[in-house]
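One structure is given here, and the rest of the page talks about it.
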Amino acid sequence: MSFDPPETENDSYLTGQFLIAMPGMPDDRFQQTLIYLCAHGPEGAMGLVVNKPMESISFPDLLEQLEITVPPEGEGIEVLFGGPVETGRGFVLHSPDYVHDATMVVDDDVALTATVDVLKAIAGGAGPRQSLLALGYAGWGPGQLDDEIKENGWLCVDADPDLLFNTSVDTKWQGAMKKLGIDPFMLSDSAGNA
């Protein structure tokens, strides 16, 4: 059995899907990660890890560095490790009720904004209804992600806003596995042929 990305009119492949790291993921940075795929096509793929909190920086610290007034409720927003590429760059995945010129609408439930304006809006109480902030992203060159899926590195499942925005980072990976009806302890980390 081989993986062939679904053909769609806009060649979006797995855009808007979750990637679930298999239990035997050899790259420590991605062990037990859940990645939301913002873009996937012939040119490659880009996504954000949505379940790994950053230990070194808080949302108030980040706002202070950007000289944005920290709101009282700012303490509750977690800063996530979005991936190993451009780790100093911030990305906000959010509900599509906040859309500006620099916003990329991924699908009906999720948009992505990577400008400081969205952080100012969140700090000022005018941001999106649901959001998460990640520093860095995960990126793949042409065909690279498809190869990793074929090599049993990732599982894919439809993303849903509840799991993305309302589930604790500690249980998102397990929640995505549950969506597939899989017990992660029953999975093998090596691919085979039948």
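Taking only C-alpha pairs under 8 Å that are 6+ residues apart, what is the relative contact order of the chain in percent?
Values: 378 pairs, mean separation 53.7, N = 194.
This gives 28 percent for the chain.
When N is the residue count of the range 17-183, what does its C-alpha Rg come to as a fraction of 2.2 N^0.38 Å? Show your work: numbers first, answer last.
Values: Rg = 15.5 Å, N = 167, 2.2 N^0.38 = 15.4 Å.
Cα Rg divided by the expected 2.2 N^0.38 Å: 1.01.
Taking the Cβ of residue 19 as the centre, find all other residues whose Cβ is under 13 Å away and add up their charges (Lys, Arg: +1; Asp, Glu: -1).
Working: positive: 172, 179; negative: 27, 146, 148, 158.
Residues near residue 19 contribute -2 overall.
If you place +1 on the Cβ of every Lys and Arg, -1 on the Cβ of every Asp and Glu, and leave all else neutral, what size is the dipole of the chain about its Cα centre, to the nearest 20 Debye? Walk me through the numbers on the way to the answer.
Values: 9 positive and 31 negative charges, 67 e Å.
Approximately 320 debye in magnitude.
Under 1.5 on a/c is rounded, so check that first for the range 7-68, then, if it is not, pick prolate when a/b is larger than b/c and oblate when it is not; a ≥ b ≥ c are the square roots of the alpha carbon gyration tensor eigenvalues. Each step should come with its number before you reach the end.
Numbers: a/c = 3.39, a/b = 1.51, b/c = 2.25.
Oblate shape, in that a/c is at least 1.5 and b/c is the bigger or equal ratio.
If you take the square roots of the eigenvalues of the alpha-carbon gyration tensor of the range 121-186 and sort them as a ≥ b ≥ c, do you get rounded (a/c under 1.5), prolate (a/b over b/c) or oblate? Intermediate results must be reported in sequence, preceding the final value.
Details: a/c = 2.96, a/b = 1.47, b/c = 2.02.
Cα axes put the range 121-186 in the oblate bin.
Could you pull out every residue, at least 5 positions away or on a different chain, whose amide H is within less than 5 Å of the one on residue 110? Hs are placed 1.01 Å off N in the peptide plane, and Pro or chain starts have none.
Amide H to amide H, under 5 Å and 5 or more residues apart or across chains, residue 110 pairs with nothing.
Show me, for the range 25-32, the HN-Hα J-couplings you get by feeding each phi into the Karplus relation (A = 6.51, B = -1.76, C = 1.60, θ = phi - 60°), rounded to Hz, glycine and proline as x.
3, x, 7, 3, 5, 10, 4, 6
Just to verify a number: FRET efficiency for residue 78 and residue 150, C-beta to C-beta distance, R0 = 45 Å, to 0.05? Walk me through the numbers before you get to the answer.
On the way: r = 33 Å, r/R0 = 0.73.
It comes out at approximately 0.85.
Ordered by residue, what ³J(HN,Hα) values in Hz, to whole numbers, does the range 45-51 give under the Karplus form 6.51 cos²θ - 1.76 cosθ + 1.60, where θ = phi - 60° and Gly and Pro are x?
Along the range 45-51, the couplings run 9, 9, x, 10, 5, 10, 9 Hz.
Quick one: work out Rg over Rh on the C-alpha atoms of the range 35-93, Rh as Kirkwood radius. Each step should come with its number before you reach the end.
Details: Rg = 13.3 Å, Rh = 12.8 Å.
Across the range 35-93, the Cα-based Rg/Rh ratio is 1.04.
Enumerate the amide H contacts of residue 79 below 5 Å, restricted to partners 5 or more residues apart or on another chain; note that Pro and chain-start residues carry no placed amide H.
Close amide H contacts, sequence-distant or interchain: 54, 59.
Skipping prolines and chain starts, which residues have an amide H placed within reach, meaning under 5 Å, of the one on residue 15, given they are 5 or more residues away or on another chain?
Amide H neighbours of residue 15, under 5 Å, 5+ apart: 40.
Grab the chain and count how many Lys pairs have their alpha-carbon atoms under 23 Å apart, sequence gap of 8 or more, or different chains.
Numbers: 52/172; 52/178; 52/179; 150/178; 150/179.
So the count works out to 5.
Apply the Karplus parameterisation 6.51 cos²θ - 1.76 cosθ + 1.60, with θ equal to phi minus 60°, to every residue of the range 164-172 and state each ³J(HN,Hα) to the nearest whole Hz, in sequence, with x for glycine and proline.
Here the 3J(HN,Hα) series is 5, 9, 10, 9, 4, 4, 5, 10, 5 Hz.
So, R0 is 30 Å and r is the distance between the beta-carbons of residue 89 and residue 171; what FRET efficiency does that work out to, to 0.05?
Calculated transfer efficiency: 0.65.
Every number in this text was worked out from the coordinates using simple rules, so none of it is lab data. From a predicted model like this one, the values you see are computed outputs, not experimental measurements. Methodologically, a virtual Cβ is constructed for each residue, glycine included, from the backbone with ideal geometry; neighbour enumeration extends over all protein chains shown.
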